[in-house]
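Asker: First the structure, then my questions, so here it is.
The values are calculated or read from the model by the stated rules, or taken from the named source; none is laboratory data. On a predicted model such as this, the values are computed, not experimentally measured, just so you know. As a convention, Cβ positions derive from the backbone with ideal geometry for all residues, glycine included, and neighbour counts pool all protein chains shown.
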Amino acid sequence: MKGFLVAILFLTRIPLPYIEVSEKDLSNCVSFFPVVGAIEGLITGTGVLLLKRLFSSDILAIFALLVVFFIRGIFHLDGLSDTCDALSIKPSGDAKKDIEKRLRIMKDSTVGVGGVFAVVMLILSKFILFKSAIELNLFFPAIVTSFAISRWVAVGLMKVSKPAKKEGLGYLLMKNIKSFHLIFASIFAFLIVLSACCLAKINFFISFLLFVLVFLLVLTLKVFFEKNFGGITGDTLGASIEITEVLSFLIWVSLGQRHSL
């Protein structure tokens, strides 16, 4: 139970009573990351369902973006911005020096053009995908599964990758993560996806295929981040969460459009 509460405190802005958190608690909380993602999706999806008869899909999509912002703040967006700023530098040919320079840029509090562009494109993409999912009557299962899976991706990356530096929240989370943390997170994520697919009347095969695609995404991000940053940081984990949510929503919208044809 404490791990679940710590996960809520770590990932969201939902107010909870003060909890003293140890490094062990931080490691244990990662098992509940997909559950916290699903809760974010449930809150946002329920709000959209309640207002669906009153407003257009455009307004509802903006409403959903605002709800997500108030629940989680800019926690993951900041990671995406810093990651893209670091990736925007021109390679010098010396891989080690490039990695050191990217890590320095990620620590800089200023936002560059690469970060601004990434954030604008992400918000625009989410608006379009949210709007499409609402019009296809798939928003509720799409947002619950997308948010749950994105957190599972973060847990998977923490387990299979190495830390880029021995400092920061990312390192604290990765330092003591065990296989059973990933196993529990995987069970939670799969049950959430399976339940959402049943709700949307999509067969079990789609649930399995979605998980296979996400697993491949984890491996792709692992290779990419280790090549460009020497490992995983808290910022790259945040970027991974945002990227996964967009890709997951894209899959849902594609499925919905195919079914409607």
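Asker: Which of the helices (runs of 4 or more DSSP H) found entirely inside region 162-261 contain at least 2 residues meeting this: modelled with pLDDT of 85 or more and under 30 Å from residue 22 (Cβ atoms)?
Answerer: Result: 179-199, 204-229, 234-260.
Asker: Another question, if that's okay. Looking for whichever is touching a Lys or Arg at 6+ places or on another chain (Cβ under 8 Å) and either among the β-branched types (Val, Ile, Thr) or part of a helix (DSSP H, G or I) (or both) here; the options are 103, 124, 129. Which one fits?
Answerer: Criteria check complete, one pass: 103.
Residues checked against (1) at pLDDT 95 or above; (2) assigned to a helix (DSSP H, G or I); (3) more than 19 Å from residue 74 (Cα to Cα):
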| site | (1), (2), (3) |
| --- | --- |
| 6 | no, yes, no |
| 10 | no, yes, no |
| 19 | no, no, yes |
| 27 | no, yes, yes |
| 31 | no, yes, yes |
| 34 | no, yes, no |
| 41 | no, yes, no |
| 45 | no, yes, yes |
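Asker: Please tell me if residue 83 is within 28 Å of residue 107 (Cα to Cα), surrounded by 21 or more Cβ atoms within 10 Å (Cβ to Cβ) and not acidic (Asp, Glu).
Answerer: Numbers: within 28 Å of residue 107 (Cα to Cα): yes; surrounded by 21 or more Cβ atoms within 10 Å (Cβ to Cβ): yes; not acidic (Asp, Glu): yes.
It is true that residue 83 is within 28 Å of residue 107 (Cα to Cα), surrounded by 21 or more Cβ atoms within 10 Å (Cβ to Cβ) and not acidic (Asp, Glu).
Asker: Sticking with this structure for a sec: Going through region 86-130 one residue at a time, which ones are at pLDDT below 85, of a type in the set (Lys, Arg) and surrounded by 15 or more Cβ atoms within 10 Å (Cβ to Cβ)?
Answerer: Within region 86-130, no residue meets the criteria.
Asker: If I go through region 136-190 residue by residue, how many of them are more than 14 Å from the chain's Cα centre (by Cα) and β-branched (Val, Ile, Thr)?
Answerer: 4
Asker: Answer yes or no: is there a residue in region 52-75 that is under 24 Å from residue 6 (Cβ atoms), surrounded by 22 or more Cβ atoms within 10 Å (Cβ to Cβ), of a type in the set (A, V, I, L, M, F, W, C) and in contact (Cβ under 8 Å) with a residue 12 or more places away in the chain. Can you show your working first?
Answerer: Start the filter on region 52-75 by keeping residues that are under 24 Å from residue 6 (Cβ atoms), which leaves 67-75.
Keeping just the survivors that are surrounded by 22 or more Cβ atoms within 10 Å (Cβ to Cβ) gives none.
No: region 52-75 contains no residue that is under 24 Å from residue 6 (Cβ atoms), surrounded by 22 or more Cβ atoms within 10 Å (Cβ to Cβ), of a type in the set (A, V, I, L, M, F, W, C) and in contact (Cβ under 8 Å) with a residue 12 or more places away in the chain.
Asker: Could you give me the residue pairs with C-beta distances under 7 Å whose first residue belongs to region 89-100 and is of a type outside the set (Ser, Thr, Tyr), whose second residue is assigned to a loop (DSSP other than H, G, I, E, B) wherever it lies, and which are 6+ apart or on separate chains?
Answerer: 98/91; 98/92; 99/230
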